[in-house]
1. All but one of (1) under 20 Å from S23 (Cα atoms); (2) touching a Pro at 6+ places or on another chain (Cβ under 9 Å) hold for M86; which doesn't?
2. Out of the residues in the range 70-87 that are touching a helix residue (DSSP H, G or I) at 6+ places or on another chain (Cβ under 8 Å) and among the polar types (S, T, N, Q), which is most open to solvent (accessible area, probe 1.4 Å)?
3. Give the range 93-127 a look and list any residue that's surrounded by fewer than 12 Cβ atoms within 10 Å (Cβ to Cβ) and part of a loop (DSSP other than H, G, I, E, B), or say none.
4. Considering only residues that are among the hydroxyl-bearing types (S, T, Y) and at pLDDT below 80, which ones fall in the range 105-127?
5. Only one of these is touching a residue at least 60 places away in the same chain (Cβ under 8 Å) and part of a helix (DSSP H, G or I): L22, L58. Name it.
6. List the number of the failed condition for T100; all other conditions in (1) out of contact with any strand residue (DSSP E or B) (no Cβ under 6 Å at 6 or more places or on another chain); (2) under 20 Å from Y28 (Cα atoms); (3) hydroxyl-bearing (S, T, Y) hold.
7. Among the listed residues L62, L25, L39, L67, identify the single one that is buried (at least 16 other Cβ atoms within 10 Å of the Cβ) and over 22 Å from P112 (Cα atoms).
8. What single numbered condition from (1) out of contact with any strand residue (DSSP E or B) (no Cβ under 7 Å at 6 or more places or on another chain); (2) open to solvent by less than 40 Å² (accessible area, probe 1.4 Å) fails to hold for R57?
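The values are calculated or read from the model by the stated rules, or taken from the named source; none is laboratory data. Quick caveat: nothing in here was measured; it's all calculated off a predicted structure. We place every Cβ from the backbone using ideal geometry, glycine too, and count neighbours over all the protein chains shown. For the accessible areas, the whole protein counts, side chains as well, though only heavy atoms, and no ligand, DNA or RNA atoms are used. Shrake-Rupley method; radii C 1.70, N 1.55, O 1.52, S 1.80 Å.
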Amino acid sequence: NNNNNNITIIQHDEKGDESGTLSLLWKYCQNNSSRKDQLVAYLHSKGSFHSSEDNTRLRQFLTRGVLSEECSSITIKQCNVCSSRMSPVPRPHTSGNMWTAHCDYVRRLKDPLTFSKDMKRVYPILS
């Protein structure tokens with residue numbers, strides 16, 4: 001554990017969804033070009049609404065990965081995203097959706113709120 005990390009909690013909501021939270025993180029990275037090298041992490045309470053031993057283990061595994069020395073020391077030249085598990089199938093993604101990334105990478109992505117709306121428009125079955 002590295003106690004020298006600066007942690008900024010942008011907002012805490014009792015209720016919400018991933019796209020709203022991810023949009024806040026995206027906006028944080030958009031707001032200042034000096035943040036391009038800054039590492040950000042996305043963590044959430046994976047599986048906590050459906051409590052089980054398996055969900056608890058998965059959440060702990062994903063959290064350990066995001067907070068690991070390996071993920072907290074990645075450079076922009078090494079990779080875009082770091083997590084406990086990446087999968088190329090059916091598309092590149094981090095299983096469980098917990099990860100670290102540099103703001104430079106996050107800034108190049110589409111705002112998650114817009115992306116979510118576009119996906120629902122293109123694929124109505126997702127609504």
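1. (1)
2. Here is the first cut: in the range 70-87, the ones touching a helix residue (DSSP H, G or I) at 6+ places or on another chain (Cβ under 8 Å) are 71, 76, 80-85.
Filter once more, so that each one left must be among the polar types (S, T, N, Q): 80, 83-84.
Details: N80: 71, S83: 21, S84: 37 Å².
Filtering first and then ranking leaves N80.
3. Those that are surrounded by fewer than 12 Cβ atoms within 10 Å (Cβ to Cβ) and part of a loop (DSSP other than H, G, I, E, B): R108, K110, Y123, S127.
4. The initial filter retains those residues of the range 105-127 that are among the hydroxyl-bearing types (S, T, Y), namely 105, 114, 116, 123, 127.
Correct list: S116, Y123, S127.
5. On the way: L58 fails: touching a residue at least 60 places away in the same chain (Cβ under 8 Å).
Step by step, each of L22, L58 is checked, and only L22 is touching a residue at least 60 places away in the same chain (Cβ under 8 Å) and part of a helix (DSSP H, G or I).
6. Against the list (1) out of contact with any strand residue (DSSP E or B) (no Cβ under 6 Å at 6 or more places or on another chain); (2) under 20 Å from Y28 (Cα atoms); (3) hydroxyl-bearing (S, T, Y), T100 comes up short only on (1).
7. Details: L62 fails: over 22 Å from P112 (Cα atoms); L25 fails: over 22 Å from P112 (Cα atoms); L39 fails: over 22 Å from P112 (Cα atoms).
Unique residue meeting the criteria: L67.
8. Failing condition for R57: (2).
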